[in-house]
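Please read the structure below before turning to the comments.
The values are calculated or read from the model by the stated rules, or taken from the named source; none is laboratory data. All values reported here derive from a predicted model rather than from experimental measurement. Virtual Cβ from ideal backbone geometry, glycine too; neighbours counted across all protein chains shown.
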Amino acid sequence: MKIAIASGKGGTGKTTIATAFAQALSKAKKSVSLLDCDVEAPNSHIFIQPELDQFEDVNMLIPSVDAEACTGCGKCAEVCQFHAIVVIGGQTLVFPEMCHGCGSCTLICPEKAITEIPNRLGILEGGLSQEGIRFGHGILDIGEPMAVPVISKLKKWQDLMDAEIVLIDSPPGASCPVVESLRGADYIILVTEPTPFGLHDLRQAYKVTQELEIPAGVIINRTGIGDTGVEQYCEEMGLEILMQIPLEREIGHGIAQGKSLLEIKPEYENRFLQLHLQIIEALSIVDRS
């Protein structure tokens, strides 16, 4: 079972939920993996504290032009949809940061003047936590704009994907990296706050789950602030509210110190185990329909 934890914006408590969920399942002797797909700012490891002993570079093939063989015909530039390769004054220039690695320029070059060379985008790191959680995250290299290939490769790490339950801590928002992290999930937990901003971002995130046709439920974090707009929206859309976590100084203080929610509030272990049962039931209803 693959469960993704998503949010319309950063700072809603998505990682807090993902790490606590993983710890609760592990304590219940479940085989569980946690993938931190927020490759621009991964932070799940702070709470899981895994022993990282697996490392793998993430590369993308980009064009390299042999200036002597190139005639400057411009066919490579014509076929590139992302303008990553251009011909100026008979000279062919490559802009690696714009390349999507499709290989079309290499295939179409009549002089065979273009070859493909690896360009590093980031790195994957993985390991086991003391609780037995299989952990992995991707780290996008500074200045690299292409997060999707790093996320895609992270999701293909076989040691991580073989677990009984795979939890995916997705990036915030509703962009391409979010879609890639959610793709293939069986269920999506949307984490939000009971504020007008939280409602706005929840709407955006829920649209993504609808486009992907993946069932979803909502966890409202920091209840006690804002208004009832999120609850009303969930009722209108038929979205199940899976859990509500109140705004408490003790929780906020503990999270700021790098403690997981279960360290701060051990009683939440049973709530997350119940959450797992709720998701199983929700998926069984979907299957029956």
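Does any residue of the range 57-73 turn out to be touching a Phe, Trp or Tyr at 6+ places or on another chain (Cβ under 7 Å), of a type outside the set (Ser, Thr, Tyr) and surrounded by 16 or more Cβ atoms within 10 Å (Cβ to Cβ)? No, the conditions are met nowhere in the range 57-73. Taking every residue in the range 82-96 that is at pLDDT 95 or above and pairing it with any residue that is part of a strand (DSSP E or B) and among the polar types (S, T, N, Q), at least 6 positions away or on another chain, the pairs with Cβ-Cβ distances below 7 Å are Ile85/Thr92.
Tallying residues that are surrounded by fewer than 22 Cβ atoms within 10 Å (Cβ to Cβ) and more than 18 Å from Ser260 (Cα to Cα) within the range 4-30 yields 3. Only one of the numbered conditions (1) in contact (Cβ under 8 Å) with a residue 40 or more places away in the chain; (2) out of contact with any strand residue (DSSP E or B) (no Cβ under 8 Å at 6 or more places or on another chain) is violated by Leu140, and that is (2).
A quick yes/no check of all residues on (1) surrounded by fewer than 16 Cβ atoms within 10 Å (Cβ to Cβ); (2) at pLDDT below 95; (3) touching a Cys at 6+ places or on another chain (Cβ under 6 Å); (4) not charged (D, E, K, R):
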{"position": "Ala205", "(1), (2), (3), (4)": "no, no, no, yes"}
{"position": "Val218", "(1), (2), (3), (4)": "no, no, yes, yes"}
{"position": "Glu231", "(1), (2), (3), (4)": "no, no, no, no"}
{"position": "Cys234", "(1), (2), (3), (4)": "no, no, no, yes"}
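Looking at the range 256-273, can you tell me whether even one residue there is buried (at least 17 other Cβ atoms within 10 Å of the Cβ), farther than 24 Å from Leu25 by Cβ, in the same structural domain as Asn43 (by TED's automatic domain parsing) and β-branched (Val, Ile, Thr)? Looking through the range 256-273, none of the residues is buried (at least 17 other Cβ atoms within 10 Å of the Cβ), farther than 24 Å from Leu25 by Cβ, in the same structural domain as Asn43 (by TED's automatic domain parsing) and β-branched (Val, Ile, Thr).
If a residue counts only when it is of a type in the set (A, V, I, L, M), which strands (runs of 3 or more DSSP E) contained entirely in the range 81-188 have at least 3 such residues? If you could, list the steps in order and put the result at the bottom.
On the way: elements: 85-88, 91-94, 114-128, 134-140, 165-169.
Qualifying strands (runs of 3 or more DSSP E): 85-88, 114-128, 165-169.
Yes/no matrix, rows are residues, columns are (1) in contact with a helix residue (DSSP H, G or I) (Cβ under 6 Å, 6 or more places away or on another chain); (2) outside the structural domain of Pro50 (by TED's automatic domain parsing); (3) touching a residue at least 12 places away in the same chain (Cβ under 8 Å); (4) within 25 Å of Gly138 (Cα to Cα):
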{"position": "Pro172", "(1), (2), (3), (4)": "no, no, yes, yes"}
{"position": "Ile188", "(1), (2), (3), (4)": "yes, no, yes, yes"}
{"position": "Leu199", "(1), (2), (3), (4)": "yes, no, yes, no"}
{"position": "Thr223", "(1), (2), (3), (4)": "no, no, yes, no"}
{"position": "Glu236", "(1), (2), (3), (4)": "no, no, no, no"}
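Do we have Leu202 as of a type in the set (A, V, I, L, M), farther than 18 Å from Ser7 by Cα and outside any strand (DSSP E or B) here? Step through it out loud before you land on a result.
Details: of a type in the set (A, V, I, L, M): yes; farther than 18 Å from Ser7 by Cα: no; outside any strand (DSSP E or B): yes.
So Leu202 fails the test.
Do you know which residues across the range 231-254 are of a type in the set (A, V, I, L, M, F, W, C) and in a strand (DSSP E or B)? Listed by number, the residues that qualify are Ile241, Leu242, Met243, Ile245.
Of the residues making up the range 244-270, just one is of a type in the set (Asp, Glu) and in contact with a Leu (Cβ under 6 Å, 6 or more places away or on another chain), namely Glu269.
Inspect all residues belonging to the range 243-250 and state whether any of them is exposed (fewer than 13 other Cβ atoms within 10 Å of the Cβ), in contact with a strand residue (DSSP E or B) (Cβ under 6 Å, 6 or more places away or on another chain) and of a type outside the set (Phe, Trp, Tyr).
Going residue by residue through the range 243-250, those that are exposed (fewer than 13 other Cβ atoms within 10 Å of the Cβ) are 246, 249-250.
Restricting the remaining residues to those that are in contact with a strand residue (DSSP E or B) (Cβ under 6 Å, 6 or more places away or on another chain) gives 246.
Next cut, of a type outside the set (Phe, Trp, Tyr) only: 246.
Yes, the range 243-250 has at least one match.
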